[in-house]
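Taking it in order: structure first as structure tokens, then the write-up.
What follows is calculated from the coordinates using simple rules that are stated; it is not laboratory data. Nothing here was measured: the structure is a model prediction, and the numbers come from that model. Methodologically, a virtual Cβ is constructed for each residue, glycine included, from the backbone with ideal geometry; neighbour enumeration extends over all protein chains shown.
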Amino acid sequence: MNSMTQVHHQVGDEILTDYAAGNLAEAFNLVVASHVSLCRDARHRLEQIEAVGGAILDQGHGFAMAPGSLEATLALIASPQPEETSVAPSRRCSVLPAPLQDYVGGCIDEVAWRPVGMGVKQAILPTSPEASVRLLYIPAGCKMPDHGHRGVEMTLVLQGAFLDGDDRFARGDIEVADADLTHTPVADLGEDCICLAATDAPLKFSGLMPRLAQPFLKI
Amino acid sequence: MPARDRKRDDWAAVLLQIAQDRDQKAFAEMFQHFAPRVKLFLIKSGASEPMAEECAQEVMVTLWHKAHLFDPDRASVATWIFTIARNRKVDMLRKQRRPEPEDLPWGPEPEPEQADVISRKQESSKLREALATLPASQRELVEAAYFGDLSHSEIVQKTGLPLGTIKSRLRLALEKLRHAMV
């Protein structure tokens, strides 16, 4: 198991419920799954929220199955099963938890980084189109462009830390920003910062230069 | 405890019969209870009736094949089936992969503590009780949150309540349910 970290900024119950119920876009699912992989307490809350899901499923009487449904299901069981694609056990990676390794296709040194200027690098990961998710590499002390949001943005720290106002976000911490927030995250000085960031809308930058760069950045 | 409830807490034993003896009678019993509930969950999540029927059958096929992976130490049978149905729903309705947290929750675990198994059973019946005693307005919100059949703004329209009120009611309801599990 990946080393659990002392996590100070956890995902809220609302998002965790959407994750447990399967109501989030894949990009956000990946951020939540990665966060839960690094935070024991969030995992515990997820298990509780799934238990509520079990209780909701179990109440009432359901919707009558079609006639002959049991027989049809037993026939499905008897028919040959497609080979289960067994997932190779993930390698130890000190940065990427297992769900992220699946999307990267390996460990942190196998990420296909692309430079986006000022030492910042990114790698967009393939997900369903309602939202996008990328790995970001921000050199220590580097300032991210000042930006507001049109949608929801979730940022999970995987290495190093970033500061946003009075808050410090380190490995395992998640920051959820919505349309009301304009923020200027700065990578902490100690170490280069690696984050996983998902958004369901293009970010809007306050400065002119980043706005010009936006189509190029694909954010 | 009424006989029915006692029986419902023993689904783990029925699942074990399926895992160990490939017992079709045990499977039929579980099918009768859970397949219609999974079907309703999928319909409320937005599936058409024929699609929900097909997927509920597939969920039950998965239950048969993965019965040996169920770990009574970690969750109730209803919760386990909920996660299978949820994954099927993501697959079918959203047509996307579902990333799972590391240390897959349903892998075989060494040595489940007997005390944990018993507390899971208690937890599950307490939770059912807590859900049943929630005020109807709160229960409906919790259900809507799980089924994803209402976005918050749709709840706002339907109830005429401000979003902040809805969110705090939902939070309150989840808090009550969580307390039932402690």
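Given R₀ = 22 Å, FRET efficiency for B:LEU69-B:GLN122 by Cβ-Cβ distance, to 0.05?
On the way: r = 23 Å, r/R0 = 1.05.
Plugging the Cβ-Cβ distance into 1/(1 + (r/R0)^6) gives 0.40.
State the extension gain, in nm to one decimal, for the chain segment bounded by A:ARG40 and A:SER94, taking 0.36 nm per residue of separation less the distance between their alpha-carbons.
Between A:ARG40 and A:SER94, full extension yields an extra 17.8 nm.
Using alpha carbon centroids, what distance separates the stretch B:13-37 and the stretch A:30-64, in Å?
23 Å
Less than 10 Å Cβ to Cβ from B:ALA85, Lys/Arg counted +1 and Asp/Glu -1: what total charge do the surrounding residues give?
Numbers: positive: B:ARG37, B:LYS39, B:ARG86, B:ARG88, B:LYS89; negative: B:GLU58.
Value of the local net charge: +4.
Calculate the spin-label point distance for A:ASP192 paired with B:LYS25, positioning each point 7 Å from the Cα along the beta-carbon direction, and give it in nanometres.
6.5 nm
Using only atoms on other chains, find how many Cβ atoms lie within 10 Å of each Cβ of peptide B:21-32 and report the average. The partial results should precede the final answer.
Values: counts 0, 1, 0, 3, 0, 0, 4, 4, 0, 0, 5, 4.
Mean partner shielding for this stretch: 2.
Quantify how strongly other chains surround peptide A:65-73 by giving the mean number of their Cβ atoms within 10 Å of each of its Cβ atoms.
Numbers: counts 11, 7, 0, 0, 10, 8, 1, 3, 12.
Mean partner-chain Cβ count within 10 Å for A:65-73: 6.
Estimate the FRET efficiency between B:ALA13 and A:MET118 by the formula 1/(1 + (r/R0)^6), using the beta-carbon distance for r and 45 Å for R0, to the nearest 0.05. Working shown, then result.
Numbers: r = 61 Å, r/R0 = 1.36.
In this case the efficiency is close to 0.15.
How high is the relative contact order of the stretch A:20-133, in percent, counting Cα pairs under 8 Å that sit 6 or more residues apart? Walk me through the numbers before you get to the answer.
Values: 68 pairs, mean separation 37.6, N = 114.
With pairs under 8 Å counted, the relative contact order is 33 percent.
Taking neighbour Cβ counts within 10 Å as the exposure measure, how do B:PHE31, A:PHE28 sort from fewest upward? Could you put the intermediate results ahead of the total?
Values: B:PHE31 22, A:PHE28 26.
Listed from fewest to most nearby Cβ atoms, that is B:PHE31, A:PHE28.
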